[in-house]
Amino acid sequence: QPLEAATAATAAGSAGSHSDAGSAAARPWSLWASVGRLSQRGWLVVVPLLVGVAVPFVIPLLDFEYIEGLQTLLPRGDPLTETFLEVQDHFGVSQIFPNTIVVLPPNPGDVTSRGWLNASCHAMKFMAANVTEVMRAHGREAGDASLQNFAMKASDFSGLMIQGGICTSLLISLLENPLAKKYGDFLVNGFSNEDRTATKVRVKTTLDPFSTVGQKWIAAVRDAMAASEVWVSDPSFPGDTTVLGEMHLTGMAQEQMDGAADTFASLPRVIGATLLIVMAVLGSAFRSAVVPLRAVLCLSWMLLVTFGLGVLVYQHGVLQSLGIRPFLTSPDPPAHHAMYWMTPCIAFSILVGLGLDYDVFFM
């Protein structure tokens with residue numbers, strides 16, 4: 001009897017296991033499991049298809065441009081934002097966020113030297129003409145009529161050596177007279193430091209220095225400054241030169257432009273390090289070489305498509321016809337449209353986190 005009972009139990013267990021196996025085999029595949037199964041079997045078709053889908057999004061990335069500034073960070077429609085924009089429209093961006101050239105002459109007494117002041121004044125006039133030529137060339141390349149008529153004037157500079165486009169070297173030298181020295185010191189101290197080792201020049205512009213065009217203007221001014229640090233008063237006499245010293249263009253727009261440039265220069269290294277960490281973590285967790293490689297390829301594809309779509313929407317305005325306010329580009333000419341410079345940097349970490357989280361979840 002015990003032998004018969006054991007035999008019956010074994011038979012029942014075998015039947016039960018066969019029944020469970022049959023029910024498992026009959027259980028239907030889920031949607032994601034079916035998609036994954038098909039993609040693995042037909043990878044020779046899926047991979048070229050994904051590459052083809054990514055191409056229309058990768059091409060716009062070649063035209064990626066960014067802007068800086070405070071306006072993008074302000075709450076849209078808020079009364080304070082509207083007040084700020086109204087003040088900016090009436091007085092100009094350069095009045096709210098001034099641009100300043102800091103000049104460091106080679107000798108402390110140069111800021112009151114008639115020869116140095118006269119040479120630096122003519123250098124400012126040269127810089128205005130040089131920047132005008134460069135910006136008009138940008139306008140012709142971009143087909144921007146407003147830039148083609150751009151003009152930077154000598155009166156846009158306001159400093160110890162130039163006022164209203166007129167050189168003031170003679171006036172400054174006259175103020176060194178003992179009878180007028182008090183007023184001369186007051187004027188000089190307003191444009192230079194206490195030791196008179198540096199002087200500042202305010203620079204006006206009708207352009208928004210935070211825009212893409214403003215970035216070109218900043219680059220043009222910096223190039224013109226570099227070409228003017230040693231001023232040749234008469235090209236026919238190369239030996240007749242005046243060393244003006246170092247020049248630096250400062251301001252909030254310049255600080256953001258340099259910060260953005262440094263950030264984007266470091267971004268490829270950050271992306272590479274992030275993907276290497278992803279591969280190391282997934283490789284050690286799943287003990288596989290295929291899983292981390294597939295995850296990195298999928299993340300790269302997702303990043304390219306997402307950022308390409310962002311350029312299409314917010315720079316090229318492909319969804320403007322929907323009339324949805326967040327999808328509307330600025331009223332500036334199309335050549336001026338761009339994303340805020342922090343957006344791709346912040347979005348990268350979020351996208352990698354979401355993509356990797358769901359990738360591991362599905363596995």
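Between residue 321 and residue 76, take the C-beta separation as r, use R0 = 30 Å, and let me know the FRET efficiency to the nearest 0.05. After rounding to 0.05, the efficiency reads 0.90. Karplus-derived 3J(HN,Hα) values for region 64-72, using 6.51 cos²θ - 1.76 cosθ + 1.60 with θ = phi - 60°, are 4, 9, 9, 10, 10, x, 9, 4, 5 Hz; glycine and proline are entered as x.
Please give the length that would be gained between residue 107 and residue 83 if that part of the chain were fully extended, namely 0.36 nm times their separation in residues minus their C-alpha to C-alpha distance (nm, one decimal). All intermediate terms of the calculation are to be shown ahead of the outcome.
Details: separation 24, 0.36 × 24 = 8.64 nm, distance 4.51 nm.
Contour length minus the Cα-Cα distance gives 4.1 nm.
Return the ratio Rg/(2.2 N^0.38 Å) for region 98-250, where Rg is computed over Cα atoms only.
1.09
When peptides 79-87, 65-73, 186-194 are sorted by average Cβ neighbour count within 10 Å, with the highest value leading, the order is 65-73, 186-194, 79-87. Between the amide H of residue 193 and those of 198, distances stay under 5 Å, these residues lying 5 or more places away or on another chain, with hydrogens modeled in the peptide plane.
What does the highest-first list of 263-269, 99-105 look like by mean Cβ count within 10 Å? Write down the numbers at each step before the final one.
Details: 263-269: 11.4, 99-105: 19.3.
Ranked from most to least packed, the peptides come out as 99-105, 263-269.
Compared with the direct C-alpha span, the chain from residue 270 to residue 61 gains 73.4 nm at full extension, assuming 0.36 nm per residue.
Expressed as a whole percent, the accessible area of region 130-202 that falls on carbon and sulfur atoms is 56 (1.4 Å probe).
The values are calculated or read from the model by the stated rules, or taken from the named source; none is laboratory data. On a predicted model such as this, the values are computed, not experimentally measured, just so you know. For neighbour counting, all protein chains shown are included, and Cβ atoms are generated from backbone atoms with ideal geometry for every residue, glycine included. What goes into the accessible areas is simple: the full protein's heavy atoms, side chains included, and nothing from ligands, DNA or RNA. Shrake-Rupley method; radii C 1.70, N 1.55, O 1.52, S 1.80 Å.
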